Amino acid sequence: MIAWNAFALLAAITLAPPEAPVAPPTPEQIMAIPPALKQRVRDEVITPSLSPEQRLHRLVELVFQPRAADANASLDPALRYDTAATLTVAEAWAQRRANCLSFTLLFVALAREAGIDAEVQEVGRVVSWYQEQGVVYNAGHVNVGLRVNGRSATLDLDQNVLYDRRGPRPVSDQRALAHFYNNRGAELLAAGQVAAARAHFRLALEQEGRFAPAWNNLGVLETRLGDTTAALAAFDKALAIDPDLPSTLSNAGALYLRIGDTQRAARLDARLRREYQHDPFYQFMQGVDAERRADYPAAIHYYRHAVRLYASAHQFHFGLARAYSLSGDNRRALRELERARALGGSDSQRAIYQAKLDTLRRLSARHAGH
């Protein structure tokens with residue numbers, strides 16, 4: 001989910017011309033299933049299926065596999081992941097695109113329509129992998145929690161994601177809606193639609209008064225408008241709820257520094273540094289940045305720190321193996337690749353690590369022979 005850094009945002013935002021009102025959807029409109037889609041759930045999921053497992057299987061097919069609603073219709077396009085697509089259930093289905101939140105709301109609504117026990121789950125922080133080099137650190141993520149015949153399962157639109165160590169946690173529908181209004185508000189703020197953004201942030205806080213990301217984003221908005229008092233009040237509320245929220249520590253610290261309160265700025269910066277020191281994802285991303293700069297000693301330092309904080313993440317061991325290999329230390333690279341393979345979550349992932357191990361061993365043997 002979106003938690004803006006205020007001063008990074010200032011350079012990117014210009015106020016839009018006088019805006020046409022953007023009426024926020026009501027909670028009922030956000031979750032409403034279009035009548036035609038309801039009929040498809042009845043025809044393709046509920047009627048042919050007797051057990052919850054069968055219904056879940058058919059629902060996954062309906063959402064993910066393009067098919068025609070009837071013999072004379074064209075195929076549905078495949079559902080596409082779009083980080084900026086904070087959409088209602090109806091919009092996500094019509095446009096066939098969704099971010100993690102829109103997908104989760106869509107699937108939860110359809111699952112409940114089919115009589116399947118489903119809820120929104122929240123993850124504090126995640127790292128996502130896109131292609132070989134595309135790594136994204138997200139401060140907030142949601143997915144679908146399912147319970148079928150006493151068994152629990154998680155369904156996530158992003159298949160290449162590493163959760164924080166606490167993993168997904170169920171949240172109320174009200175908090176899920178707060179995520180929706182907060183995300184859409186941040187998108188509107190980035191587009192310069194300030195009044196509409198404010199309305200969305202306020203609606204997020206009506207749903208969940210202790211939703212720290214919305215207080216943070218409201219502080220960003222007030223900073224953008226030059227209302228320092230209101231901005232600091234919003235940041236203070238965010239930190240009262242979540243004292244370690246990195247985006248707010250950064251935003252509030254930068255604002256205090258800007259107005260000359262260097263002592264408070266220094267205290268917040270110290271808290272932010274402590275938070276980063278204990279955040280394996282931040283350490284890992286620092287390693288990724290150092291590796292891209294070809295600063296392999298720094299990459300090794302950060303990857304090792306990430307591994308110490310989160311030893312069961314095979315991706316962290318793989319990053320450390322790459323850095324060792326690129327620095328010429330094949331012995332340590334082999335050791336970390338073996339750990340990555342042992343921890344790899346899927347058979348295909350372990351096979352990838354095994355292939356890299358085999359290649360590295362051949363290279364090491366060749367060098368040893370010279």
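Here, each number is a calculation from the coordinates, and none is a lab measurement. From a predicted model like this one, the values you see are computed outputs, not experimental measurements. Reconstructed Cβ throughout: ideal geometry from the backbone, glycine too, with neighbour counts over all protein chains shown.
Close amide-amide hydrogen proximity is noted between Val126 and Asn138, Gly140, each under 5 Å apart and 5 or more residues distant or on a separate chain (H modeled in the peptide plane; Pro and chain starts excluded). Computed extension length for Glu28-Asp329: 102.5 nm, one decimal, from 0.36 nm per residue of separation with the Cα-Cα distance subtracted.
Count charges around Ala114 for me, please; just the other residues with Cβ under 14 Å from its Cβ, Lys/Arg as +1, Asp/Glu as -1.
Numbers: positive: Lys38, Arg40, Arg42, Arg55, Arg58, Arg112, Arg147; negative: Asp43, Glu44, Glu53, Glu61, Glu113, Asp117.
Overall, the nearby charge balance is +1.
Summing Lys and Arg as +1 and Asp and Glu as -1 over all other residues whose Cβ lies under 13 Å from the Cβ of Leu232 gives a net charge of -1.
Summing charges over all other residues whose Cβ lies under 14 Å from the Cβ of Asp173, with Lys and Arg as +1 and Asp and Glu as -1, gives -4. Distance between the modelled labels on Ala195 and Asp117, one decimal in nanometres: 4.7 nm (7 Å Cα→Cβ projection).
Can you give the Rg to Rh ratio for region 205-287, taking only C-alpha atoms and Rh from Kirkwood? Let's see the in-between values first.
Values: Rg = 13.0 Å, Rh = 13.1 Å.
My calculation puts Rg/Rh at 1.00.
Around the amide H of Asn99, modelled in the peptide plane, lie the amide H atoms of Asp82, Ala85, Leu87, all under 5 Å away and 5 or more residues distant in sequence or on another chain. For the chain, adding -39500 (n - 2.57) for each run of n ≥ 4 DSSP H residues and dividing by the number of residues yields -18500 deg cm²/dmol at 222 nm.
Solvent-free Debye calculation, one equal scatterer per alpha-carbon of region 174-214: log10 I(q)/I(0) at 0.25 Å⁻¹ equals -0.67. Relative contact order for the chain: 12 percent, from Cα pairs under 8 Å spaced at least 6 residues apart, divided by residue count.
For the chain, give the share of DSSP beta bridges that are antiparallel, in percent and rounded to the nearest 5; count only bridges with both residues there. Present the calculation step by step, with values, prior to reporting the outcome.
On the way: 22 of 24 bridges.
Once the DSSP bridges in the chain are tallied, antiparallel ones form about 90 percent.
Taking the Kirkwood radius as Rh and the Cα radius of gyration as Rg, the chain has a ratio of Rg/Rh equal to 1.02. Taking the Cβ-Cβ separation of Ala266 and Arg169 as r and a Förster radius of 41 Å, what is the calculated FRET efficiency to the nearest 0.05? With R0 = 41 Å, the Cβ-Cβ based efficiency is 0.75.
3J(HN,Hα) couplings calculated from phi for region 317-332 with the Karplus curve 6.51 cos²θ - 1.76 cosθ + 1.60 (θ = phi - 60°) are, in sequence order, 5, 5, x, 5, 4, 4, 5, 4, 4, 5, 8, x, 9, 5, 4, 6 Hz; Gly and Pro show x. Applying 0.36 nm per residue to the separation of Arg362 and Asn149 and subtracting their alpha-carbon distance, the gain on full extension is 71.8 nm.
In a DSSP loop and with at most 10 other Cβ atoms within 10 Å, the trypsin sites (Lys or Arg not before Pro) in region 253-330 are Arg293.
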